[in-house]
Amino acid sequence: MKISPNALCPCGRGLKYKKCCGALHRGLPAATPEDLMRSRYSAYVLKNVDYIMETTHPLSPFYQADPTAWRAQLSIFCTTTRFEKLAVLSVKKGDTPDEGYVTYRATMFRGDQDISSTEQSLFRRLQGRWLYIKGI
Ligand SMILES: [Zn+2]
């Protein structure tokens, strides 16, 4: 899905896409777990499946060794889900400077079905880049 660089970012922060998650989608490392979390949500909205895969930690239970199958699964999820809204509820430091938590609520629908979820996600920094591990 295409988005104008000057459109409001899908993550809901109120900034232009190019100044928000767009910069991360173009390769800028996320400065914080919250930035990474927001950019992953925006990637789901924009069906940027490669970004979701690249920002999943190799030790995450969601990481898949077969990129073709993984890409196909994510594509189906993105195509069949309507992403309505993201709300970041809280952020928390982890046990080390390379760990952090973000609690968020994502409002999503599949057809008429409300599949919204609230999750506290764990992020870990690997070689200078924040990556998603899992919900806890
Ligand atoms: Zn954003």
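The values are calculated or read from the model by the stated rules, or taken from the named source; none is laboratory data. The model shown is predicted, which means the values in this text are computed figures rather than measured ones. Glycine also receives a Cβ, built like all others from the backbone with ideal geometry; neighbour counts cover every protein chain displayed. Keep in mind that these areas ignore ligands, DNA and RNA; they rest on the heavy atoms of the full protein, side chains included. Shrake-Rupley method; radii C 1.70, N 1.55, O 1.52, S 1.80 Å.
Do the conditions hold for Lys85, that is, is it within 11 Å of the ligand (Cβ to nearest atom), open to solvent by 30 Å² or more (accessible area, probe 1.4 Å), among the basic types (Lys, Arg) and under 22 Å from Thr107 (Cα atoms)?
The answer is no for Lys85.
Please identify the pairs in which a residue from the stretch 37-53 that is closer than 17 Å to Tyr104 by Cβ and polar (S, T, N, Q) has its Cβ atom under 7 Å from the Cβ atom of a residue that is part of a helix (DSSP H, G or I) and within 10 Å of the ligand (Cβ to nearest atom), counting only partners at least 6 apart or on another chain.
Ser39/Cys21; Ser39/Leu24; Ser39/His25; Ser42/Cys21
State whether the residues of the stretch 31-42 include one that is within 16 Å of the ligand (Cβ to nearest atom) and part of a loop (DSSP other than H, G, I, E, B).
Scanning the stretch 31-42 turns up at least one residue that is within 16 Å of the ligand (Cβ to nearest atom) and part of a loop (DSSP other than H, G, I, E, B).
Taking the stretch 117-131, which residues are without any contact (Cβ under 8 Å) to a residue 24 or more places away in the chain and surrounded by fewer than 13 Cβ atoms within 10 Å (Cβ to Cβ)?
Hits for the stretch 117-131 are Ser117, Gln127.
Look at Thr96 and say whether it is surrounded by 20 or more Cβ atoms within 10 Å (Cβ to Cβ) and more than 12 Å from the ligand (Cβ to nearest atom).
no
Looking only at the stretch 3-24, how many residues end up being assigned to a loop (DSSP other than H, G, I, E, B) and either open to solvent by less than 30 Å² (accessible area, probe 1.4 Å) or without any contact (Cβ under 8 Å) to a residue 24 or more places away in the chain (or both)?
So the count comes out to 9.
Inside the stretch 46-136, counting only strands (runs of 3 or more DSSP E) that do not spill past its ends, which hold 1 or more residues that are out of contact with any helix residue (DSSP H, G or I) (no Cβ under 9 Å at 6 or more places or on another chain) and β-branched (Val, Ile, Thr)?
Of the strands (runs of 3 or more DSSP E) lying wholly inside the stretch 46-136, those with at least 1 residues that are out of contact with any helix residue (DSSP H, G or I) (no Cβ under 9 Å at 6 or more places or on another chain) and β-branched (Val, Ile, Thr) span 99-110, 117-126, 129-135.
Please specify each residue of the stretch 50-82 satisfying the condition of being among the β-branched types (Val, Ile, Thr), surrounded by 15 or more Cβ atoms within 10 Å (Cβ to Cβ) and over 23 Å from Gly128 (Cβ atoms).
Of everything in the stretch 50-82, just one residue is among the β-branched types (Val, Ile, Thr), surrounded by 15 or more Cβ atoms within 10 Å (Cβ to Cβ) and over 23 Å from Gly128 (Cβ atoms), namely Thr81.
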